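This report concerns only the one structure given below.
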């Protein structure tokens with residue numbers, strides 16, 4: 001039953017993908033603007049559907065933060081629709097030809113960027129993602145199968161209906177965007193094995209979802225969004241300018257993947273610096289979990305003792321692990337052991353130390369004298385963000401539109417045979 | 001037991017990868033030449049070990065073609081060693097910086113190519129692959145875990161020993177190259193789940209191995225090397241020049257993935273052309289499996305009737321499927337249904353038809369008026385070939401050295417916080 005349903009979704013998505021693959025940039029622009037109008041026309045229905053989801057979430061006693069995440073009122077919907085114009089304005093990454101060359105045998109060879117085909121995206125209870133991902137997929141000529149959180153099913157159904165109406169109005173197959181309309185978890189497992197039709201899976205969610213995808217998928221998966229992020233404060237750092245960066249990395253938005261988890265402090269500056277840092281952190285409501293040396297240096301603060309789990313934890317909250325290290329080499333060794341490969345930073349004014357750190361640390365993003373909070377498609381100037389990849393294949397770090405493309409080799413001969 | 005063994009291989013490989021990641025191009029050149037010398041010095045041992053494998057294969061009654069594949073005599077070993085110089089001469093893809101820009105907030109951002117880290121390669125009984133892959137991995141600063149066919153275990157052990165001796169002589173950790181020294185198949189399954197240490201799996205083998213990797217791996221896998229390749233003969237093709245291309249695609253090396261499997265013939269030229277083509281194919285010993293129309297048009301030949309499996313078959317032999325189609329649109333629909341996404345070709349002199357085919361067919365390589373046999377790293381001028389990918393992420397078609405790299409984002413600020 002679920003198999004038949006998914007097979008059908010897959011077939012429909014693949015068929016739609018062929019109709020999208022060779023659209024001109026102008027056609028894709030007009031398609032997205034038609035979808036924006038369609039969403040606007042359906043705004044009342046969407047807001048009403050979302051109100052149902054919010055009411056159900058309230059009745060189920062969900063946390064206020066969670067309910068805020070799934071709220072899509074008139075104002076927020078207007079912002080989501082307005083964002084479509086930003087994607088429309090981005091350059092079309094499809095159809096770029098590169099590595100063109102004339103081979104000795106007379107064959108003219110090049111690579112051309114093309115859509116991936118069909119993308120499967122699994123995400124949590126954020127209805128805006130339904131629109132964001134559909135728009136990014138269509139912008140790059142891809143069909144998409146969406147699986148959102150069950151808490152926003154009504155909202156997602158209303159959004160998908162409006163998007164599909166827009167696609168059909170434009171004269172393209174509405175199955176270019178399909179939403180799995182059943183909260184059964186077996187459908188997630190089934191989607192992960194739909195390799196006959198789906199070219200890439202993007203899980204946008206926590207570590208459980210990431211692990212599930214890694215273990216069950218027979219389709220290439222872009223893992224990401226898990227960040228155990230480090231900042232190493234070197235002895236040559238300008239301490240007077242360091243606190244603002246550390247505070248920014250930790251407290252500006254503690255629940256996201258690029259927030260700071262572990263601060264590594266050079267032993268020669270720890271005694272001088274940690275008390276003033278602790279005061280600043282404390283004023284921001286940050287709890288410190290520290291190594292023995294950190295505990296010793298901060299008797300005035302309630303430093304929780306670090307255990308073996310401490311430095312393997314992505315806090316996603318106002319907690320910061322602190323460890324005093326002998327030097328940059330120990331800092332790098334610590335990062336290699338505990339990092340999830342997301343974002344790491346060094347604060348120093350010493351060029352050789354900075355160069356060494358930037359070369360030796362191999363995470364998706366490595367910072368000198370900057371907050372880890374910059375690891376983000378918007379901040380990096382990509383114009384849009386599909387996800388943040390922490391694996392090494394295909395795309396690494398913030399993924400822009402190019403991550404939704406592949407290339408094909410085109411070769412033109414003159415009835416040429418291989419000798 | 002196997003778990004502990006693999007964990008240890010993984011840890012050792014990861015540790016070695018850090019020592020390789022920042023080697024200069026000159027160092028990597030010298031490292032590879034040291035390995036070449038070491039292999040030369042161990043030539044007698046290697047040839048003797050291979051003789052053991054060949055004797056065992058003969059005793060086990062393996063086919064002559066299989067035994068020829070695993071043979072590594074003095075002359076072949078010399079060629080394998082000489083090939084190392086070709087890899088040495090290739091440009092180093094590591095350390096290239098691209099997309100550099102100064103952001104509005106003063107952060108200088110770029111991407112830099114870096115090694116993947118640790119690569120796992122699973123391959124069949126071809127001892128030359130042990131050297132080829134080790135050399136390509138080291139050239140790109142990666143550590144590698146090798147798992148070769150059990151029929152060449154003695155050869156592979158002797159080769160790996162010589163390679164590791166060379167690495168140690170050069171002063172680097174010999175665990176940069178490790179060979180799984182036990183033919184237990186559980187070790188393959190274990191390797192596929194070693195995601196804590198291994199960054200990419202490359203299976204070089206048949207469809208069973210590819211499927212096993214897709215289903216079991218928790219590590220990104222580069223699937224490839226399976227080609228159900230099509231050639232569409234359009235009504236506007238120059239028939240007098242077409243036969244040589246079709247013969248080349250089918251018979252030059254029928255056992256490889258870029259050999260032709262299915263010929264699609266436009267109905268308007270089928271009656272005129274198929275008899276002359278059949279004569280040429282017959283002279284080359286090719287068996288035809290044809291649709292009803294093909295059978296009708298070739299009464300003088302023993303055309304086997306096509307069944308539902310025919311066009312989903314990668315022949316890897318001197319067999320060719322032939323189907324008469326109404327036009328280019330039906331040809332494309334057939335390709336979309338049956339292709340493995342490897343290589344497809346059209347023969348035509350009509351520019352609009354050619355353009356349509358090249359745009360609409362989305363396989364790794366699409367040819368106009370050329371044989372499918374060109375899909376190959378050497379032929380495409382990549383200098384080396386790691387594998388031929390038939391998936392769409394990371395690398396597509398022939399994979400050169402760049403497929404063994406990823407990138408990291410480097411950002412330099414001035415104690416910069418996100419606002």
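Values computed for the structure shown
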{"read-out": "Backbone N under 13 Å from the residue A:267 label point (7 Å along Cα→Cβ), restricted to the stretch A:291-333", "value": "A:292-294, A:324-331"}
{"read-out": "Histogram of C-alpha separations across the stretch B:125-166, 10 Å bin width, %", "value": "30, 59, 11"}
{"read-out": "Ranked B:226, A:133, criterion: other C-beta atoms within 10 Å, fewest first", "value": "B:226, A:133"}
{"read-out": "Exposure proxy order (Cβ contacts within 10 Å, fewest to most) of A:247, A:201", "value": "A:247, A:201"}
{"read-out": "Shortest-first distances to equivalent copies, position residue A:337, nm, label 7 Å out along Cβ", "value": "5.9"}
{"read-out": "Cα centroid separation - the stretch A:91-114 against the stretch B:47-97, whole Å", "value": "33"}
{"read-out": "Estimated distance in nm for a label pair at residue A:244 and residue A:66, the labels positioned 7 Å out from Cα along Cα-to-Cβ", "value": "3.9"}
{"read-out": "Label-reachable residues, the stretch A:267-282, where backbone N falls under 18 Å from a point 7 Å from residue A:350's Cα toward its Cβ", "value": "A:267-274"}
{"read-out": "q = 0.08 Å⁻¹: log10 I(q)/I(0) that the Debye formula gives for chain B, counting C-alpha atoms only", "value": "-0.53"}
{"read-out": "Cα centroid separation - the stretch A:274-298 against the stretch B:189-233, whole Å", "value": "48"}
{"read-out": "Mean ellipticity per residue at 222 nm, deg cm²/dmol - from DSSP H runs of n ≥ 4 across chain A, formula -39500 (n - 2.57)", "value": "-13500 deg cm²/dmol"}
{"read-out": "Nearest-first distances (nm) between copies at residue B:283, label 7 Å from Cα via Cβ", "value": "9.1"}
{"read-out": "Mean separation of Cα contacts under 8 Å (6+ apart) over length of the stretch A:229-374, as relative contact order %", "value": "34"}
{"read-out": "Over the protein assembly as shown, volume per residue of the alpha carbon convex hull, in Å³", "value": "172"}
{"read-out": "Cβ-based exposure ranking for A:264, A:157, B:231, in which fewest neighbours within 10 Å come first", "value": "A:157, A:264, B:231"}
{"read-out": "Residues in the stretch A:183-210 reached by a label modelled at residue A:8 [backbone nitrogen below 20 Å; 7 Å Cα→Cβ]", "value": "A:183-198"}
{"read-out": "Rg followed by Dmax, in Å, when the stretch B:229-374 is reduced to its Cα trace", "value": "13.4, 38"}
{"read-out": "Descending Cα extents along the principal axes, the stretch A:327-410, whole Å", "value": "49, 24, 23"}
{"read-out": "Segment residue A:185-residue A:318, extension gain: residue separation times 0.36 nm, minus the distance between their alpha carbons", "value": "44.7 nm"}
{"read-out": "Residue of chain B whose Cβ sits closest to the axis mapping B onto A, with distance in whole Å", "value": "B:394, 2"}
{"read-out": "Using alpha-carbon coordinates, inclination of helix A:328-338 to the longest axis of chain A, degrees", "value": "50"}
{"read-out": "0 to 90° range, to nearest 10: angle between helix B:267-283 axis and chain B longest Cα axis", "value": "70"}
{"read-out": "Inter-label distance, nm, simple model (7 Å from Cα along the C-beta direction), residue A:276/residue A:89", "value": "4.2"}
{"read-out": "C-alpha center-to-center spacing [the stretch B:237-260, the stretch B:304-372] in angstrom", "value": "12"}
{"read-out": "Among beta bridges that DSSP assigns inside the protein assembly as shown, antiparallel share in %, nearest 5", "value": "25"}
{"read-out": "Folded to 0 to 90 degrees: helix A:25-41 orientation relative to chain A principal axis, Cα", "value": "80"}
{"read-out": "Label spacing, shortest first and in nm, from residue B:182 to its equivalents in the remaining copies (7 angstrom along Cα→Cβ)", "value": "4.4"}
{"read-out": "FRET efficiency estimate (nearest 0.05) - Cβ-Cβ, residue A:211 to residue A:37, R0 30 angstrom", "value": "0.15"}
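Coordinate-derived values only; no laboratory data. Note that the coordinates shown come from a computational prediction; the quantities given were computed from them, not determined experimentally. When we count neighbours, we look across all protein chains shown, and the Cβ atoms used for this are built from the backbone with ideal geometry, even at glycine.
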